[in-house]
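A short worksheet on the structure shown next.
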């Protein structure tokens, strides 16, 4: 799903959570489509984009501070991709409440605080786009993904509720939920495990590329998706069926 060249021309986007392969693809594709991109990460070195903001969303007040920094610099923000969160692979018997709390703060508390700062400006302009990056685990968790899947499902519910609340102000909110993506984490699996995963779980018979996931986010951010809100687009090769 390749969006037309320049479909985000002149838009001011924040990509929150910019460590990793998907984040790099998001930054690259959004800039290719003409967007100005501010990357927010715990490390300025990883933040990327035209503007790099260093913020640890687990620190109280950090999400609000980062949102204000970008808004003050650009005079407003047109769209946000929330890619922060990280992973967690724990059996229920081993799942620690502190780990669950950390994920919840990254996936629900921090984006809520971040969006509240930007909401008045978006409401005044009667336009804005929120894109949340979720996971196949929200709908079909593997063993060890009870905590991760539950929090991602909660994040998807938050985005849907947001879409209902702000749609009348011209603001859209949607979710991209990738399945198994070609990433360092997946490619580090033993070859036999990776081949069995692809063969048994993915009808299309291959992993997604980070660029394919980023292309769907670009589509949702563009005017082509102007009548779409409250949706979860699963980019999983059929693994979630």
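The values are calculated or read from the model by the stated rules, or taken from the named source; none is laboratory data. Since we're looking at a predicted model, the values are computed, not measured. Positions of Cβ are generated from backbone atoms using ideal geometry, with glycine treated the same way; all protein chains shown enter the neighbour counts.
Of all residues in segment 216-241, count the ones that are assigned to a helix (DSSP H, G or I) and either touching a strand residue (DSSP E or B) at 6+ places or on another chain (Cβ under 9 Å) or surrounded by fewer than 17 Cβ atoms within 10 Å (Cβ to Cβ) (or both).
8
Going through segment 165-188 one residue at a time, which ones are out of contact with any helix residue (DSSP H, G or I) (no Cβ under 6 Å at 6 or more places or on another chain), surrounded by 13 or more Cβ atoms within 10 Å (Cβ to Cβ), modelled with pLDDT of 85 or more and assigned to a helix (DSSP H, G or I)?
Matches in segment 165-188: 166, 167.
Does segment 61-72 include one or more residues that are crowded, with 17+ Cβ neighbours inside 10 Å, under 21 Å from the mean Cα position of the chain (by Cα) and on the phi > 0 side of the Ramachandran plot?
no
Which members of segment 190-215 meet the condition of being crowded, with 17+ Cβ neighbours inside 10 Å and in contact with a strand residue (DSSP E or B) (Cβ under 8 Å, 6 or more places away or on another chain)?
If the condition is that a residue be crowded, with 17+ Cβ neighbours inside 10 Å and in contact with a strand residue (DSSP E or B) (Cβ under 8 Å, 6 or more places away or on another chain), then 207, 208, 210, 212, 213 are the ones that fit.
Check segment 194-212 and report whether any residue there is closer than 30 Å to residue 36 by Cβ, part of a loop (DSSP other than H, G, I, E, B) and in contact with a helix residue (DSSP H, G or I) (Cβ under 6 Å, 6 or more places away or on another chain).
no
For segment 90-109, how many residues are over 18 Å from residue 166 (Cβ atoms), touching a helix residue (DSSP H, G or I) at 6+ places or on another chain (Cβ under 9 Å) and either surrounded by 13 or more Cβ atoms within 10 Å (Cβ to Cβ) or at pLDDT 90 or above (or both)?
Residues meeting the conditions: 9.
So that you can scan it fast, the table gives a plain yes or no per residue for (1) in contact (Cβ under 8 Å) with a residue 24 or more places away in the chain; (2) out of contact with any strand residue (DSSP E or B) (no Cβ under 9 Å at 6 or more places or on another chain); (3) closer than 24 Å to residue 60 by Cα:
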residue	(1), (2), (3)
105	yes, yes, yes
108	yes, yes, yes
117	yes, yes, yes
130	yes, no, yes
135	yes, no, no
160	yes, no, no
176	yes, no, no
179	yes, no, no
188	no, yes, no
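Among (1) under 17 Å from residue 11 (Cα atoms); (2) modelled with pLDDT under 95, there is one condition residue 124 misses while meeting the rest; what is its number?
So the condition that residue 124 fails would be (2).
Restricted to segment 19-53, and to residues that are touching a helix residue (DSSP H, G or I) at 6+ places or on another chain (Cβ under 7 Å) and modelled with pLDDT under 80, which residue is surrounded by the fewest Cβ atoms within 10 Å (Cβ to Cβ)?
Going through the qualifying residues, I end up with 19.
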